[in-house]
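Just so you know, all these numbers are worked out from the coordinates, no wet-lab data involved. Because the structure is predicted, anything quoted here is derived from the model rather than measured. In this analysis, Cβ positions are derived from the backbone assuming ideal geometry, glycine residues included, and neighbour counts consider all displayed protein chains.
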Amino acid sequence: MDKKLLSNTAATMVAKGRGILAADESSGTCETRFKTINTACTEESRRAYRGLLFTTPGAEQFISGVILYDETIRQKTDDGVLFPDYMARKGILPGIKVDSGAKNLALCPGEKVTEGLDGLRERLAAYFKLGARFAKWRAVITIGDGIPSHTCLYANAHALARYAALCQDASIVPMIEPEVLLDGGHSIERCEEVSEAALRATYAALSAHNVSFEHVILKASMVVSGKTNARQAGVDEVAERTLRVLKRTVPAAQPGVVFLSGGQSDVSATAHLNAMASMKGLPWPLTFSYSRALQNSALNAWQGQNANAGAAQRAFHHRAQMNGLASQGRWKAELEKQAA
């Protein structure tokens, strides 16, 4: 465990004005997204699309790291440079998704537990050699009638803690992601309650497994109304409730918090981040780790055509810049009119 390397990595991940691109979609998720632009989902089309994001001129001003998929960490740019090597030259940290997905939790109908601990020690050592300096593990918590159960919260917390300990042992910073899903008709009050319970369970497990809080990054859900709830909370309420939960549960020793967009629109995710980053007296920096909220406009501009790569890069650069400003509380809605 190289504590100096871990400290430097964590500090870079949440550096001022920069955030993390989540480009770790599975091939199945990529296929779903590519269908929306009538593009075949092949290994080469995935490489070409992700490559144009990674090689966007100036993106390193706003992007501190990229979460990669196992396939992607082994792929190369059009010029034949391995993606992790290209990123490192630009001052962008390569990261890697290491879980094997959420599976049905036995005897808990409607609930999931994330798997992938078997062989993880060896996989982390291999990923470190490939250039990965941080990793990600995603747990999913569903809100519904009588759920989440205590079993679900603690099964996922235990897995996150074992993963985090193995990461730190391999000198890789663990990004922990106990995602409370947006799906459903629950109220924002219920989302706040579940979010707090999930984080309490997670940090208790981290402590029990001797995980160093100084060398872990939380990828947090925002406290929002369920997607189908009639009352959709406003930006300020989302910010206030989310930060209340974080301040109650996340140790001040932690280097920073990054947020997932969780199906929010591009601009909503930016506005929510901006509102939270504008608040004073927070014990840790806040920034973004978005997937769709950074990629949507770029994907639509690309349309699977190499000729559209420049337009896609401009769209990606704009969203990265907007979220970089939001992470400092400096975003304004008028700036969206500058989109390419």
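With 10 angstrom as the radius, rank Asp79, Asp24, Asp70 by how many other C-beta atoms surround their C-beta, starting from the fewest.
The fewest-first ordering by Cβ neighbours comes to Asp79, Asp70, Asp24.
Starting from the amide H of Gly110, placed 1.01 Å from N in the peptide plane, find each other amide H under 5 Å away whose residue is 5 or more places distant or on another chain.
Amide H neighbours of Gly110: none.
Pick out which of Ala252, Ala22, Ala309 has the largest mean-square fluctuation in a Gaussian network model of the chain, springs linking Cα atoms closer than 10 Å.
Of Ala252, Ala22, Ala309, the Gaussian network model singles out Ala252 as fluctuating most.
Mind listing the phi-derived Karplus ³J(HN,Hα) values for the stretch 53-70, rounded to whole Hz, using 6.51, -1.76 and 1.60 with θ = phi - 60°, and x for any glycine or proline?
Computed from phi, the couplings for the stretch 53-70 are 5, 5, 9, 4, x, x, 4, 5, 5, 10, 10, 8, x, 9, 8, 9, 9, 3 Hz.
Evaluate the relative contact order of the chain (contact order divided by residue number), counting alpha-carbon pairs under 8 angstrom at least 6 apart; express in whole percent.
19 percent
Tell me, what HN-Hα J-couplings in whole Hz come from the Karplus equation 6.51 cos²θ - 1.76 cosθ + 1.60 at θ = phi - 60° for each residue of the stretch 255-267, using x for Gly and Pro?
x, x, 10, 10, 10, 8, 8, x, x, 5, 5, 3, 6
Return the calculated 222 nm mean residue ellipticity for the chain, to the nearest 500 deg cm²/dmol, obtained by summing -39500 (n - 2.57) across DSSP H runs with n ≥ 4 and dividing by the residue count.
-14000 deg cm²/dmol
Between Asp79 and Asn300, what length comes free when the chain is fully extended (0.36 nm per residue of separation minus the Cα-Cα distance, one decimal in nm)?
That pair, Asp79 and Asn300, stretches by 77.1 nm at full extension.
Read phi for every residue in the stretch 315-320 and hand back ³J(HN,Hα) as whole Hz from Karplus 6.51 cos²θ - 1.76 cosθ + 1.60, θ = phi - 60°, with x for Gly and Pro.
Whole-Hz 3J(HN,Hα) from phi for the stretch 315-320: 5, 5, 4, 5, 5, 4.
Taking the beta-carbon count within 10 Å as an exposure proxy, list Met13, Met322 from fewest neighbours to most.
On the way: Met13 25, Met322 28.
Fewest-to-most Cβ neighbours within 10 Å comes out as Met13, Met322.
Cut-off 10 angstrom, C-alpha nodes, Gaussian network model of the chain. Which of Ser149, Ser297, Ser64 fluctuates the most?
Highest fluctuation among the options: Ser149.
In debye, nearest 20, what is the charge dipole magnitude of the stretch 197-287 about its Cα centre with +1 on Lys and Arg Cβ and -1 on Asp and Glu Cβ, if you could check? Walk me through the numbers before you get to the answer.
Numbers: 9 positive and 5 negative charges, 50 e Å.
Roughly 240 debye, rounded to the nearest 20.
For Cα pairs less than 8 Å apart in space and 6+ apart in sequence, what is the mean separation divided by the residue count of the stretch 123-172, i.e. the relative contact order in percent?
For the stretch 123-172, the relative contact order is 62 percent.
Under 5 Å between amide H atoms, partner at least 5 residues away or on a different chain: which partners does Leu93 have, H built in plane at 1.01 Å?
Hits under the 5 Å cutoff: Gly65, Val66.
Sorted from fewest to most neighbouring beta carbons within 10 Å, what does the list Thr228, Thr249, Thr56, Thr287 look like?
Result, fewest neighbours first: Thr228, Thr249, Thr56, Thr287.
Rank Trp284, Gly91, Pro109 by how far each Cα sits towards the positive end of the charge dipole of the chain (+1 on Lys, Arg Cβ; -1 on Asp, Glu Cβ) and give me just the farthest.
Farthest towards the positive pole: Gly91.
Restricting to lysines 8 or more places apart or on different chains, can you count the pairs in the stretch 80-225 with Cα atoms under 27 Å from each other?
Qualifying lysine pairs in the stretch 80-225: 14.
Choose one answer from Thr39, Thr12, Thr72: the residue with the largest mean-square fluctuation in a GNM of the chain with alpha-carbon springs under 10 Å.
Evaluated over the chain, the most mobile residue of the options is Thr39.
Return, for the Cα atoms of the stretch 1-152, the radius of gyration and Dmax in Å, separated by a comma.
Every Cα atom of the stretch 1-152 included, Rg and Dmax give 17.3, 53 Å.
Placing +1 at every Lys and Arg Cβ and -1 at every Asp and Glu Cβ, with all other atoms neutral, what dipole size does the stretch 78-163 have around its Cα centre, in debye to the nearest 20?
Roughly 300 debye, rounded to the nearest 20.
Between (i) -0.49, -1.10; (ii) -0.26, -1.15; (iii) -0.30, -1.24, which entry matches log10 I(q)/I(0) by the Debye sum over Cα atoms at q = 0.07, 0.14 Å⁻¹ as derived from the coordinates of this structure?
Read-out taken from this structure: (ii).
What residues from the stretch 119-154 fall in the zone where the backbone N is under 15 Å from a label point 7 Å along the Cα-to-C-beta line of Arg200?
The answer is 148-154.
Mind putting a number on the dipole of the chain about its Cα centre? Charges go on the C-beta only, +1 for Lys and Arg and -1 for Asp and Glu, and I need it in Debye to the nearest 20. Working shown, then result.
Values: 39 positive and 33 negative charges, 140 e Å.
Charge dipole of the chain: 680 debye, to the nearest 20.
Residues with amide H under 5 Å of Ala22's amide H, sequence separation 5 or more or different chain, H placed in the peptide plane at 1.01 Å from N; which?
Long-range HN contacts for Ala22: Ile67, Tyr290, Ser291.
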